[in-house]
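The next block holds one structure in the form of structure tokens; read it before the comments.
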Amino acid sequence: MPAYNTIAFRPELCNGCGDCMRTCAEVKTGSADSANARIQISADGDTLALALCRQCGDPKCVANCPAAALDKRLADGVIAWDGSKCVNCLLCTVGCAYGGIVYNAAAQHVVKCDTCAGDPACVRVCSTGALRYLTTARIYNEVGDLEDLFAPGLSGCQGCNTELVMRHALRRIGPDTVLATPPGCIPGMGSVGYNGQTGTKVPVFHPLLTNTASMLTGIRRQYRRLGRKVHAVALAGDGGAADVGFQSLSGAAERGEEILFICVDNEGYMNTGMQRSSCTPFGAWTSTTPVGERGRGKTQHAKNLPVIMMMHNCEYVATASTGFMEDLYAKLDRALAASERGFAYLHIYSPCTTGWRFPSQDNIEVARKAVESDFVLLWEFTPAAGLQLTRDVSHPVSISEYLRVLGKFRHLDDAEVHEIEAAVERNRQFITGLAQGQHPAMARLAADRADDTGARS
Amino acid sequence: MAQPVRYLLVGASHAALSALQAIRMHDPDGSLTMITRDDALPYSPTVLPYVVSGRSQPARVALKDESWLASQRVELRRGRTVTAVDTTDCSVRLDDGSVLGWEKLLLATGADPIVPQVPGLAGVKFHVLRRLTDAVALRDAVAGTREAIVLGAGLIGMHAAENLVKAGVGVTIVEMQPRVLAGYFDAEASALIETTFTDAGVCLRLGRRAAAVAAAGERIQVRLDDDSELVADLLLVATGVTPVLDYLAGSGIATDRGVLVDDCMRTSAAGVWAAGDVAQARDFYAADPGARIINGILPDAVEQGRVAGQSMAGDPGLRPYEGGVPLNTYTYFDQQAVSVGRQDCGATVRSEAGAGRYLRIVMDADRLTGIFGINSPFDPGVMWEIIQRRIDLGPVRAAFLADPQRAARGVMSRTWR
Ligand SMILES: Cc1cc2nc3c(=O)[nH]c(=O)nc-3n(C[C@H](O)[C@H](O)[C@H](O)COP(=O)(O)OP(=O)(O)OC[C@H]3O[C@@H](n4cnc5c(N)ncnc54)[C@H](O)[C@@H]3O)c2cc1C
């Protein structure tokens, strides 16, 4: 069964204007009486309740229909209602726990949402972004058909997010790739193989922590000389990128080598025993920033590696998260295209169940919370457009909602939480400022670009 | 005996289909055979009143078609009746004498009409309504009918009576209870429904039993227990249903009124499950978890079928059966009657009737135990969920009583969004 698009509702963005209901009624019945809308948003105390067909995967309304009038369409996932078969028995309404199929007195039969054939009118008129039409399903369907270019049975920890990142990324990048995986979790779980067997179905090598980007530079240049189009891709950890691997990374970026460098940031050296890196955030427990009588976790803030990479004026720089796959895939596609022209850098935040101490089934939820709390910001940079936020940062959930699920922050006191809050707020203002082009850093980059063009012409 | 099938489903209606889908979610390949005594693709008894009225064409009521069954790798044997079950060598015997082995067996044979012991009834031609052939026969008989008698004012009798009167037939309903639909609604709601029927010209003989039946030429004569006499061209017997159990004689599978099952729909015999109208399962409302009832409704056949299928396939995602909750929707003369839950397991906290509308809410302390309406908008599925989750409505009690649909949707959004 394929994955399907869906209408999503974020009540915190809804202002109760009712446009969605009026428009739906208008489109479906020709009159704007909200009572006839297939979507109903009603206030109950301070809750905004959404009664709308969820187009369930295993729909009880369909199972309860004695007349074969309801059908879960395999093509688009919509539960279709056939008025010529419906007998008005209302048993479908017994099966629906979402108020998604209801008897409508004006129509004299049940009515339900059909997603307007993939272009829902309610979403089109929603001015606050509370209603969105999620098309993420598309990528799962597309990518699902591509070959997984890692071998099965990599030995990542249970619930490892990095394994997910690797498999998704390489599937999309495709087989014409030479892959570098410097020391870290990625070769640790088997990318370069065991006992003479490789862990990938593409050529892979294991550079030193220090020379990943320079080795890839040579490989990419050699293939170009041979006239072969090959992607030179690094999958490195934050240690290998931000600390000891940084000089070769910075050099390759500055020279504009045609490389896609993906940094999988799990905020420390998780493979070797969870030591701190320069990407470990303030207050975090690691084995080298212990928590005890004196120690309170890391005493410095993380350095902002993606911003540093942006200041190399790369062809493309972006941050991404597995909590937001559609965004991640769009950026991966753009990064790959940019790596044909110059240096592309993708920074993917990757929560670590083992090193951050949280239950293995919560990984995606943690990734999502990191973004929703603005602890992690999603943005992208191109020389032409500068830095652009790719997700609204103006309605963050409280930072403690994020911190409290992670064992590595469990010891924090209020003052330390405030310290983190303040850092998150500074970063938000800094990045927002860059996005609005008001920041001096952006002005400098713009000037560099002008110089560049001047020099070339 | 040939190679046994992994899954054998006896019955091809809601319980069996729901089990089949649950099995296939977990085990896409295990061999699966489904047997039905009907020579038809799977269909629902619930659609039959509409076949009688002509609204549904028999050719368009199939719940699943051949290509879907093939896609699910199901072998459907139609027109074959299981006559015996052997739980020692794990096989069933069919009416053509053949024997079929199974590893896991589901009994989903539903129910048959009860034909009451009325003197003379066996000697006349009467109709029942449970199978597609019954519906077609009844539909065809309506054409030449001027007057009809319906025994029983349950859902089946009421549906049939409406169809008959709409087809221009004079109808008399005989019911031994003092009101119609006694199992589903309280006296006030029943009264509203009765008014609609009598306004439409249906004659109701409530609190009366048929004492004797006899042929009167081409017609049928029914004498009631007050010695009054009715004569009609057509007699429909709709006095209730009883599980189909005859084929279980000697199998050793424990039965009471139906096949006794635990919360995973397992019967007393290893490797044998039962679900739907044939099963006697946990009662949601009973304090005693061992109490067993036959709920006899379509949504529960679906629910029980799912539990059985998951259990048969060894699906670790199995959530055991929570117990039967009565759920009924009844559309009559363009009016909507809905009952969710029970009337007698709490106190009535809101009740109003009048002007074709009716609403009654029953709660046990702050928990909803039942809600009943006629032309009252609320979401039955949301209410079912609220009852089943035993949600504490204390914090929203006033709002719930004032506008149950809105408040229940609020609870939904806070609890299971
Ligand atoms: C006229 C009518 C109206 C109804 N209206 C409603 C309603 O509005 N709401 C509601 O909730 N419920 C209603 N019901 C009840 C509902 O249809 C049943 O609860 C539901 O169909 C039960 O499903 P089931 O799969 O358990 O059994 P059934 O639907 O009875 O199916 C039994 C299956 O077993 C097969 N079978 C039986 N014995 C054998 C055998 N020995 N060998 C092989 N196959 C066998 C049959 O062919 C059939 O396929 C109505 C029923 C009728 C008859």
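The values are calculated or read from the model by the stated rules, or taken from the named source; none is laboratory data. A quick note: this is a predicted structure, and the numbers were derived from the prediction, not measured. Heads up, the Cβs are rebuilt from the backbone with ideal geometry, glycines too, and the neighbour counts pull from every protein chain shown.
Just checking, does the range A:192-206 include any residue being under 16 Å from A:ALA232 (Cβ atoms), at pLDDT 95 or above, assigned to a helix (DSSP H, G or I) and more than 21 Å from the chain's Cα centre (by Cα)? No, the range A:192-206 contains no residue that is under 16 Å from A:ALA232 (Cβ atoms), at pLDDT 95 or above, assigned to a helix (DSSP H, G or I) and more than 21 Å from the chain's Cα centre (by Cα). With respect to the conditions (1) crowded, with 21+ Cβ neighbours inside 10 Å; (2) in a helix (DSSP H, G or I); (3) among the β-branched types (Val, Ile, Thr), A:THR217 lacks only one, and its number is (1).
Each row is one residue, and each column tells you yes or no for (1) at negative phi; (2) among the aliphatic types (A, V, I, L, M); (3) at pLDDT below 95; (4) assigned to a helix (DSSP H, G or I).
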| residue | (1), (2), (3), (4) |
| --- | --- |
| A:LEU377 | yes, yes, no, no |
| A:VAL397 | yes, yes, yes, no |
| A:GLU401 | yes, no, yes, yes |
| A:VAL405 | yes, yes, yes, no |
| A:GLU419 | yes, no, no, yes |
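Which pairs do you get when a residue that is within 12 Å of chain A (Cβ to nearest Cβ) and crowded, with 24+ Cβ neighbours inside 10 Å, found in the range B:1-27, comes within reach of a residue that is among the β-branched types (Val, Ile, Thr) and not in a loop (DSSP other than H, G, I, E, B), reach meaning Cβ atoms under 6 angstrom, with the pair 6+ apart or on two chains? Cβ pairs passing all conditions: B:HIS14/B:VAL302; B:SER18/B:VAL302.
The condition of being closer than 23 Å to B:GLN335 by Cα and not basic (Lys, Arg) holds for only one of A:THR115, A:THR93, A:THR47, that being A:THR93.
Quick grid of which residues meet (1) closer than 30 Å to A:ALA8 by Cα; (2) under 20 Å from the mean Cα position of the chain (by Cα); (3) part of a helix (DSSP H, G or I):
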residue: A:GLY283; (1), (2), (3): no, no, no
residue: A:GLU293; (1), (2), (3): no, no, no
residue: A:LYS303; (1), (2), (3): no, no, no
residue: A:ILE308; (1), (2), (3): no, no, yes
residue: A:CYS314; (1), (2), (3): no, no, no
residue: A:VAL317; (1), (2), (3): yes, yes, no
residue: A:LEU328; (1), (2), (3): yes, yes, yes
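Give the residues of the range B:284-303 that are within 16 Å of the ligand (Cβ to nearest atom) and either of a type in the set (Asp, Glu) or out of contact with any helix residue (DSSP H, G or I) (no Cβ under 6 Å at 6 or more places or on another chain) (or both), sorted by residue number. Once the filter is applied, which keeps residues that are within 16 Å of the ligand (Cβ to nearest atom) and either of a type in the set (Asp, Glu) or out of contact with any helix residue (DSSP H, G or I) (no Cβ under 6 Å at 6 or more places or on another chain) (or both), the range B:284-303 yields B:PHE284, B:ARG292, B:ILE293, B:ILE294, B:ASN295, B:ILE297, B:ASP300, B:GLU303. Any residue in the range A:84-96 that is within 12 Å of chain B (Cβ to nearest Cβ), of a type in the set (D, E, K, R) and assigned to a loop (DSSP other than H, G, I, E, B)? The answer is yes; a qualifying residue exists.
Considered as a group, the residues in the range B:242-272 that are closer than 30 Å to B:LEU206 by Cα and surrounded by 20 or more Cβ atoms within 10 Å (Cβ to Cβ) include one that is nearest to the ligand (Cβ to nearest atom), and that residue is B:VAL244.
Residues to consider are A:GLY18, A:GLY45; find the one that is more than 30 Å from B:GLN21 (Cβ to Cβ), within 11 Å of chain B (Cβ to nearest Cβ) and without any contact (Cβ under 8 Å) to a residue 24 or more places away in the chain.
Working: A:GLY18 fails: within 11 Å of chain B (Cβ to nearest Cβ).
That would be A:GLY45, the only listed residue that is more than 30 Å from B:GLN21 (Cβ to Cβ), within 11 Å of chain B (Cβ to nearest Cβ) and without any contact (Cβ under 8 Å) to a residue 24 or more places away in the chain.
Residues in the range B:41-61 that are surrounded by fewer than 17 Cβ atoms within 10 Å (Cβ to Cβ) and among the hydrophobic types (A, V, I, L, M, F, W, C): B:ALA59 alone. Against the conditions (1) out of contact with any strand residue (DSSP E or B) (no Cβ under 7 Å at 6 or more places or on another chain); (2) more than 7 Å from the ligand (Cβ to nearest atom); (3) not hydroxyl-bearing (Ser, Thr, Tyr), B:ARG37 satisfies every one except (2). Among the criteria (1) within 16 Å of A:CYS279 (Cβ to Cβ); (2) assigned to a helix (DSSP H, G or I); (3) of a type outside the set (A, V, I, L, M, F, W, C), the one A:TYR345 does not fulfil is (2).
Exactly one residue out of B:THR46, B:THR81, B:THR88 is closer than 15 Å to B:GLY11 by Cβ and either within 14 Å of another protein chain (Cβ to nearest Cβ) or more than 12 Å from the ligand (Cβ to nearest atom) (or both): that is B:THR46. In the set A:ALA117, A:ALA121, A:ALA97, only one residue is farther than 30 Å from A:SER394 by Cα and out of contact with any Asp or Glu (no Cβ under 7 Å at 6 or more places or on another chain); that residue is A:ALA117.
Looking across the range B:88-125, the residues that are hydroxyl-bearing (Ser, Thr, Tyr) and either within 26 Å of the chain's Cα centre (by Cα) or closer than 23 Å to B:LEU260 by Cα (or both) come down to B:THR88, B:SER91, B:THR109.
Being in a loop (DSSP other than H, G, I, E, B) and more than 11 Å from chain B (Cβ to nearest Cβ) narrows it down to one residue among A:ALA75, A:ALA80; which is it?
Numbers: A:ALA80 fails: in a loop (DSSP other than H, G, I, E, B).
None of the other options fit; the residue is A:ALA75.
In the range B:327-369, the qualifying residues are those that are within 16 Å of the ligand (Cβ to nearest atom) and of a type in the set (Ser, Thr, Tyr), and the one that is farthest from the chain's Cα centre (by Cα) is B:TYR332. For B:VAL202, the conditions (1) surrounded by fewer than 16 Cβ atoms within 10 Å (Cβ to Cβ); (2) more than 16 Å from the ligand (Cβ to nearest atom) all hold with the exception of (1). Of the strands (runs of 3 or more DSSP E) contained entirely in the range B:316-417, those carrying at least 2 residues that are surrounded by fewer than 17 Cβ atoms within 10 Å (Cβ to Cβ) and in contact (Cβ under 8 Å) with a residue 40 or more places away in the chain fall at B:347-354. Return yes when A:LEU91 is without any contact (Cβ under 8 Å) to a residue 60 or more places away in the chain and closer than 23 Å to B:SER44 by Cβ and no when it is not. Taking the combined requirement at face value, the residue satisfies it.
Mind checking which residues of the range B:374-396 are touching a strand residue (DSSP E or B) at 6+ places or on another chain (Cβ under 8 Å) and either away from chain A (no Cβ under 11 Å) or among the aliphatic types (A, V, I, L, M) (or both)?
Initially, the range B:374-396 is screened for residues touching a strand residue (DSSP E or B) at 6+ places or on another chain (Cβ under 8 Å), giving B:374-380, B:383-384, B:386-387, B:390-393, B:396.
Hits for the range B:374-396 are B:ILE374, B:MET383, B:ILE386, B:ILE387, B:ARG390, B:ILE391, B:ASP392, B:LEU393, B:VAL396.
Contact map, the range A:104-122: first residue closer than 29 Å to B:ASN375 by Cβ and free of Cβ contacts under 8 Å to residues at least 40 places away in the same chain, second residue exposed (fewer than 12 other Cβ atoms within 10 Å of the Cβ) and of a type in the set (Asp, Glu), Cβ cut-off under 7 Å, separation 6 or more or different chains; pairs are A:GLN108/B:ASP334. Could you please find all residues in the range A:239-271 being at pLDDT 95 or above, buried (at least 24 other Cβ atoms within 10 Å of the Cβ), within 17 Å of A:PRO306 (Cα to Cα) and touching a Gly at 6+ places or on another chain (Cβ under 7 Å)? Once the filter is applied, which keeps residues that are at pLDDT 95 or above, buried (at least 24 other Cβ atoms within 10 Å of the Cβ), within 17 Å of A:PRO306 (Cα to Cα) and touching a Gly at 6+ places or on another chain (Cβ under 7 Å), the range A:239-271 yields A:VAL264, A:ASN266, A:GLY268.
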